[in-house]
Amino acid sequence: MTIAPVQSSSSPLVASGWTDARLILALEEVVEKELNRHLAVAKEWMPHEFVPWSRGRDFDGVLGGEAWSLEQSQVTAVGRVSLVVNLLTEDNLPSYHHEIATMFGREGAWGTWVHRWTAEEGRHGIAIRDYLLATRAVDPVELERARMSHMSEGFESDNAHSMLHSVAYVAFQELATRISHRNTGKYAGDPLCEQLLAKIANDENLHMVFYRNLLKAALEIAPDQAMRAVADVVTDFRMPGHGIPGFERAAAQIALGGVYNLRIHHDDVLQPVLRHLKVMEIGGLGPEGLLAQNELGVFLDGLDDQARKFEERQAALLARRAARRTAG
Ligand SMILES: [Fe+2]
Ligand SMILES: [Fe+2]
């Protein structure tokens with residue numbers, strides 16, 4: 001690595017000498033390598049092939065077709081909630097692009113990645129919306145109003161103050177998005193929907209790999225600062241769609257339906273990334289890095305406990321519902 005840290009600073013964020021600008025320069029080589037790897041493995045796919053256009057028909061309004069009603073929807077109740085949350089999350093892409101272009105820049109390998117990533121993400125919203133409208137899976141009027149409201153709020157990253165926090169966040173967030181799409185497909189009740197969401201989940205997985213490998217390099221060159229970033233991001237993690245109208249209620253339904261909940265977050269999102277990067281085993285840390293690593297360990301134990309309690313409540317609630325159905 002040819003870029004050296006600065007030698008002294010009074011700011012705690014650059015205590016070990018790495019400013020954001022220097023980290024971005026230092027990681028440029030890694031970004032170029034990971035970008036080339038990504039381009040070599042990412043396979044082109046066509047969103048239009050996953051949309052059953054023959055099932056589509058005119059809506060009311062300008063064309064005088066049939067208005068939407070609930071019984072037209074062939075997907076499950078949890079599928080409807082989850083598909084809308086996933087789509088609205090994808091819809092806010094202009095704001096995400098703004099955040100990462102501001103943080104990582106638009107030049108060199110970083111810029112090529114930012115634009116390529118944006119193009120791939122753009123495909124997700126297009127594909128899901130076309131599927132939902134052609135199959136009449138959700139209320140199109142409600143969907144459009146929710147999109148307007150959500151996008152009008154924009155999205156402001158919780159991590160805009162730090163490049164390492166931003167990289168750590170997206171490494172976990174891309175995996176969270178992957179799991180959320182994959183499980184939505186699994187529980188939506190339509191094999192075609194599952195196929196489409198598996199395709200999207202595959203893109204999200206490649207995004208996760210890119211950022212995870214970048215985070216690995218960051219842990220090597222600036223271990224104490226990167227450890228702090230990982231600890232902060234894991235303990236304060238929020239899904240990017242947290243600003244969606246009615247998000248809390250939707251998130252509760254999504255959790256109960258097994259699409260995304262504390263158990264899944266701990267087991268399928270946090271742990272795989274942390275284990276891959278051997279975050280809890282990294283040695284040779286300074287006092288700051290050690291403190292962050294300890295905080296992370298304590299948090300993960302607590303989260304595992306919370307997840308166990310959630311599972312107990314979930315099992316009890318589902319059993320009550322099943323009993324009511326049998327009685328009714
Ligand atoms: Fe996406
Ligand atoms: Fe992604």
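The values are calculated or read from the model by the stated rules, or taken from the named source; none is laboratory data. No experiment lies behind these values; they were computed from the predicted model shown. Reconstructed Cβ throughout: ideal geometry from the backbone, glycine too, with neighbour counts over all protein chains shown. Surface accessibility is based on the protein's heavy atoms, side chains included, excluding ligands, DNA and RNA. Shrake-Rupley method; radii C 1.70, N 1.55, O 1.52, S 1.80 Å.
Exactly one residue out of Ala171, Ala198 is away from ligand 1 (no atom under 12 Å from the Cβ), under 30 Å from Ala21 (Cα atoms), touching a residue at least 12 places away in the same chain (Cβ under 8 Å) and not in a loop (DSSP other than H, G, I, E, B), and it is Ala171. May I ask you to list pairs of residues, at least six apart or on different chains, whose Cβ atoms are under 7 Å apart, with the first in the range 263-278 being acidic (Asp, Glu) and the second being part of a helix (DSSP H, G or I) and open to solvent by less than 20 Å² (accessible area, probe 1.4 Å)? Close Cβ pairs (under 7 Å, with a partner that is part of a helix (DSSP H, G or I) and open to solvent by less than 20 Å² (accessible area, probe 1.4 Å)) amount to Asp268/Ile179. Only one entry in Ser166, Ser157, Ser162 is touching an Asp or Glu at 6+ places or on another chain (Cβ under 9 Å), more than 13 Å from ligand 1 (Cβ to nearest atom), modelled with pLDDT under 95 and polar (S, T, N, Q), namely Ser157.
A single member of Gly258, Gly185, Gly243 is at negative phi, more than 16 Å from ligand 2 (Cβ to nearest atom) and not acidic (Asp, Glu), and it is Gly243.
Is it the case that some residue within the range 137-153 is open to solvent by less than 20 Å² (accessible area, probe 1.4 Å) and under 28 Å from Phe210 (Cα atoms)? Yes, because at least one residue in the range 137-153 is open to solvent by less than 20 Å² (accessible area, probe 1.4 Å) and under 28 Å from Phe210 (Cα atoms).
Restricting attention to the range 268-284, the residues that are more than 21 Å from Leu206 (Cβ to Cβ), surrounded by fewer than 16 Cβ atoms within 10 Å (Cβ to Cβ) and at pLDDT 95 or above add up to 3.
Taking each residue of the range 292-320 that is under 19 Å from Asp268 (Cβ atoms) and looking for partners that are among the hydroxyl-bearing types (Ser, Thr, Tyr) and open to solvent by 30 Å² or more (accessible area, probe 1.4 Å) with beta-carbon atoms closer than 8 Å, six or more apart or interchain, yields Leu296/Thr235; Phe299/Thr235.
With respect to Ser166, is the statement that it is buried (at least 18 other Cβ atoms within 10 Å of the Cβ) and not in a helix (DSSP H, G or I) true? No, not satisfied.
Applying the criterion of at least 1 residues that are closer than 27 Å to Glu220 by Cα to the helices (runs of 4 or more DSSP H) found wholly in the range 233-328 leaves 271-276, 287-327. Among the residues of the range 122-139, those that are within 16 Å of ligand 1 (Cβ to nearest atom) and either without any contact (Cβ under 8 Å) to a residue 60 or more places away in the chain or over 21 Å from Gln173 (Cβ atoms) (or both) comprise Gly122, Gly125, Arg129, Asp130, Tyr131, Leu132.
Being open to solvent by 10 Å² or more (accessible area, probe 1.4 Å) and not aliphatic (A, V, I, L, M) is the filter; apply it to the range 181-193 and report the residue that is nearest to the chain's Cα centre (by Cα). Show your work before the answer.
If we filter the range 181-193 for residues that are open to solvent by 10 Å² or more (accessible area, probe 1.4 Å), which is where we start, we get 182, 186-187, 189-192.
Remaining after also requiring not aliphatic (A, V, I, L, M): 182, 186-187, 189-191.
Working: Arg182: 12, Lys186: 17, Tyr187: 19, Gly189: 23, Asp190: 23, Pro191: 23 Å.
Taking the candidates together, the pick is Arg182.
Residue-by-condition table, conditions (1) within 16 Å of ligand 2 (Cβ to nearest atom); (2) under 18 Å from Asn213 (Cα atoms); (3) part of a helix (DSSP H, G or I):
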residue	(1), (2), (3)
Trp18	no, no, no
Glu49	no, no, yes
Ala67	no, no, no
His124	yes, no, yes
